[in-house]
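Worksheet for the structure shown next.
The values are calculated or read from the model by the stated rules, or taken from the named source; none is laboratory data. Everything quoted here is computed from the prediction, not taken from an experiment. Counting neighbours? That spans all protein chains shown, and the Cβs are built from the backbone with ideal geometry, glycine included. Just so you know, the surface numbers come from the protein's heavy atoms only, side chains and all, with ligands and any DNA or RNA stripped out. Shrake-Rupley method; radii C 1.70, N 1.55, O 1.52, S 1.80 Å.
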Amino acid sequence: MSWEANVRKVVPYTPGEQPKEANIIKLNTNECPYPPAPEVRELLSSMKYENFRLYPDPCATKLIDAISDHYKVPCDQIFVGVGSDDVISMAFLTFFNSDKPILFPDITYSFYDVWADLYHIPYKRCPLDDNFRIVKEDYLEDNGGIIFPNPNAPTGVLEDVSMIEDIISHNPDSVVIIDEAYIDFGGKSVLPLIDKYDNLLVVQTFSKSRAMAGMRIGFAFGSKKLIKYLNDAKFSFNSYTMNMPSLELGAASVRDDEYFKKTCHMIMETRRRVKCELKSLGFSFPDSQANFIFAKHENVSGQSLFCALKAAGIYVRHWNAPRIEDYLRISIGTDEQMDRLIAFLKDYLK
Ligand SMILES: *Cc1c(COP(=O)(O)O)cnc(C)c1O
């Protein structure tokens, strides 16, 4: 048993379930309910499988070029990875290397503490206020780095750019990572600030708004210096993180801006309607600017609702964690899926 004393032990992150049965309504992992852009399908059907014998481009040039064109950011200020999970994990490894604790909210993406544990990074959780808002002053204390999602997950709460800028400008000795996994659903990105602050890393993903979760594509924007350090760490870890289809299909997906805007708009419209329906059924929730709603019922517990929904084939996400055990995180699906959810709830709560 002696070797076990030296094992790097960690309690892993638990992703939302990917149920195998057909005919369920899957509202538990914030995937896009619509297919990827039509251009992705066209390119996929013309892809040359013979090329798969070759290694992919380690510099991900095609994908980075497409992102650069779309977001008007120079290529040397863009980093890509296998989903934003890979990008953020690489950023933790690269930038969070201090004895001081990194800071993130008590209610947030539950992968942050897992990466911190894995890399032995000290951390401190800063409690959100009673309305699930970030308390700015908490992030002005001495720290080894800062990360939070905006909009936050699983609450859906969006903070404004000026508050985030305040945090960045008061922390010139730390890297501040803003995880914008859900920014395309109505939020305002802090991306323009990367030219003003060389300690800001803005992370986004193709998994939610671009309907490409299965392709595993994430990206980040930052100063040249920040991106260089990220690449140095990445090329010391695994040169070929992103596979050939992801590089090509990701680029195709970014080029189809019209489809992207249309589907984001549809999701926001469905969200608006579902908020009204849930309210009239006795739910309350922070005003989500993401593709999910974090809702609690006035007299039924989170656990009971979660189980009843699951038994009816409707999967949502629930955490048995302090402050949020009565909430369900419900992803925005198609209108038809949401109608079935509402119909079930009406009947169940009667
Ligand atoms: C979904 C999500 C991610 C990770 O998404 P990838 O699929 O790895 O790109 C990162 N941060 C937050 C807050 C998320 O909700």
Discussion item. Restricting to region 297-339, name every residue that is of a type outside the set (S, T, N, Q), assigned to a helix (DSSP H, G or I) and buried (at least 16 other Cβ atoms within 10 Å of the Cβ).
Written reply: Gly302, Leu305, Phe306, Leu309, Lys310, Met338
Item to complete: Return yes or no: is Cys59 modelled with pLDDT of 95 or more, surrounded by fewer than 18 Cβ atoms within 10 Å (Cβ to Cβ) and either within 30 Å of Leu226 (Cβ to Cβ) or in contact with a Lys or Arg (Cβ under 8 Å, 6 or more places away or on another chain) (or both)?
Response: yes
Worksheet item: So which residues in region 197-239 are within 12 Å of the ligand (Cβ to nearest atom) and either in a loop (DSSP other than H, G, I, E, B) or polar (S, T, N, Q) (or both)?
Response: Gln204, Thr205, Phe206, Ser207, Lys208, Ser209, Arg210, Ala211, Met212, Arg216, Ile217
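Can you tell which of Phe79, Phe92, Phe96 is more than 23 Å from Gly214 (Cβ to Cβ), touching a strand residue (DSSP E or B) at 6+ places or on another chain (Cβ under 9 Å) and within 14 Å of the ligand (Cβ to nearest atom)?
Phe92
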Discussion item. Being at pLDDT 95 or above, among the basic types (Lys, Arg) and either surrounded by fewer than 16 Cβ atoms within 10 Å (Cβ to Cβ) or within 16 Å of Tyr34 (Cα to Cα) (or both) narrows it down to one residue among Lys228, Lys234; which is it?
Written reply: Lys228
Worksheet item: Before we move on, is Lys26 of a type outside the set (Val, Ile, Thr), more than 16 Å from the ligand (Cβ to nearest atom) and under 30 Å from Lys261 (Cα atoms)?
Response: no
Worksheet item: When you go through Asp85, Asp117 one by one, which is the residue that is acidic (Asp, Glu), within 10 Å of the ligand (Cβ to nearest atom) and over 15 Å from Val202 (Cβ atoms)?
Response: Asp85
Fill in: Exclusive hit being surrounded by fewer than 20 Cβ atoms within 10 Å (Cβ to Cβ), in contact (Cβ under 8 Å) with a residue 12 or more places away in the chain and in a helix (DSSP H, G or I), set Lys262, Lys275, Lys279
Lys275
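Just to be sure before I move on: is Gly145 farther than 30 Å from Glu248 by Cα, open to solvent by less than 20 Å² (accessible area, probe 1.4 Å) and more than 15 Å from the ligand (Cβ to nearest atom) in the structure I sent?
Numbers: farther than 30 Å from Glu248 by Cα: yes; open to solvent by less than 20 Å² (accessible area, probe 1.4 Å): yes; more than 15 Å from the ligand (Cβ to nearest atom): yes.
Yes.
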Worksheet, complete the sentence: The residue from Val175, Val190 that alone is without any contact (Cβ under 8 Å) to a residue 60 or more places away in the chain and either aliphatic (A, V, I, L, M) or within 15 Å of the ligand (Cβ to nearest atom) (or both) is Val190
